[in-house]
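See below for the structure under consideration.
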Amino acid sequence: MKSLTIIKKEYKMIVKKKSFLISTILTPIIMAGFIFLPMLITKVGRGIKNIAIADLSGMIQTEFIQKSQEVQKTLRFYAVESKNQTRDNLIEVYKKKILDKEVDGFLLIPKDIKKTRQISFFALNISDFETNKYIGSAVQKIISRQILDEQQIDPEIVEEATRSINFETFKVKKDRVTKASSGMEYLMSIFMLTILFSIIMAYGQLIMRGVLEEKSNRIIEILISSTNTGSLFYGKIIGIGLAGLTQVALWILIGFIFFSQTSFDINENILSFISLELAVYFVIFFILGYFMYSILFSLVGASVNTDQEAQQFAAPITYLLIIPFILGIMVTQNPNSVPVVIASLFPLFSPTLMFMRIGVAIPSFFQILLSIILCILTIMFMAWLGAKIFRTGLLMYGKKPSIKEILKWIRYK
């Protein structure tokens, strides 16, 4: 009953805070912004670019401009006088025009373009991959067509023979097959992993700071006088965990309402990635990850005396949560490779790494169940061990404990 009282106290203390309400509302908005804002920017953010062309070879720009007018709506190319002009003079002139924003870019085609196959593009922004790709591809096609004409080879035949392949990817699931993008799969997996990591870290740090604050203010001594350390230990972890679970449940509900009611044009790849099954696993691994790391963070809070000491002890715990991000590339390349499988079954990595595997290519149910069982057994062991350390550490003041000293606390009866 004492544990239940502490659970209610911790739960109400969290959910009644304004910060809980604000983060519950703002987090989905920020997450939606991360997902949809780049797509909106891509659609409406591409303005018209004016690009000057100086063709020292005299054989590219006419056809290039004509072709571009037919297929390009956001790029406007126009020829500039290049007779009696050197390369350096042209660069100097259009460097100034670019800086004065008279033009958005300057394309320089050398006299020996057929031999060197090298062109130069100058602009303030050279990270527009679509523009760069279009210019390179268009110039290459014009040169190829001219060479074919010189060799009296029908360019239509060659173009048909070398026409590119449209590569589509489809994700196979138990109940259906859906069209999906490999890039979007990776981004969404990292995105969901980041959310899981952030929640576990946030609530773990919350427990650590709460315990440390109560210990520093000697409030913990009053609590221990009315209950035992075991009830206090489990009550804090469960109470704050239920608050975190409440927040996750509200986010899932908000997401469900948004995706079911909105008329916004949502990317099909995002819809194919998000599913009820993924949401269920998200909750399961959040609960496992939370209890596992909250025990570790609470022990740090109980063992140390200052916030600086807490951050030093908490750093290795944070690294354990970061490792799955490092292994993320291996997961997307081969989620069923031996190193990835072993790492995802390691209890401290399972909450994040196994969840990422489920997002990329769902593993066998046996592996998922095994990881859950191993996590539960680890949590039970850590809770038993943690209760012993927590009991002694709460009343230890004045000096920074060493690892050796903390291990001695386990043997105390």
Are there any pairs, at least 6 apart or on different chains, whose C-beta atoms fall under 8 Å, with the first in the range 281-303 and in contact (Cβ under 8 Å) with a residue 40 or more places away in the chain and the second among the basic types (Lys, Arg) and assigned to a helix (DSSP H, G or I), and if so, which? SER298/LYS236; GLY301/ARG209; GLY301/LYS215; ALA302/LYS215
Can THR392 be described as at pLDDT 80 or above, assigned by TED's automatic domain parsing to the domain that holds ILE323, within 20 Å of ALA314 (Cβ to Cβ) and in a helix (DSSP H, G or I)? no
Could you list all residues from the range 91-133 that are in a helix (DSSP H, G or I) and either of a type in the set (Ser, Thr, Tyr) or touching a Gly at 6+ places or on another chain (Cβ under 8 Å) (or both)? TYR94, ILE98, THR116, THR131
Just need a number here: residues in the range 88-135 that are in contact with a Pro (Cβ under 8 Å, 6 or more places away or on another chain) and surrounded by 15 or more Cβ atoms within 10 Å (Cβ to Cβ). 1
Apart from one, (1) surrounded by fewer than 20 Cβ atoms within 10 Å (Cβ to Cβ); (2) in contact (Cβ under 8 Å) with a residue 12 or more places away in the chain; (3) part of a helix (DSSP H, G or I) all hold for SER344; the odd one out is (1)
Test THR27 against the criterion of being among the hydroxyl-bearing types (Ser, Thr, Tyr), at pLDDT below 80, under 33 Å from the mean Cα position of the chain (by Cα) and surrounded by fewer than 14 Cβ atoms within 10 Å (Cβ to Cβ), and give yes or no. no
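The values are calculated or read from the model by the stated rules, or taken from the named source; none is laboratory data. Since the structure is predicted, the reported quantities are computational estimates derived from the model, not experimental observations. So basically every Cβ, Gly included, is an ideal-geometry build from the backbone, and we count neighbours across all protein chains shown.
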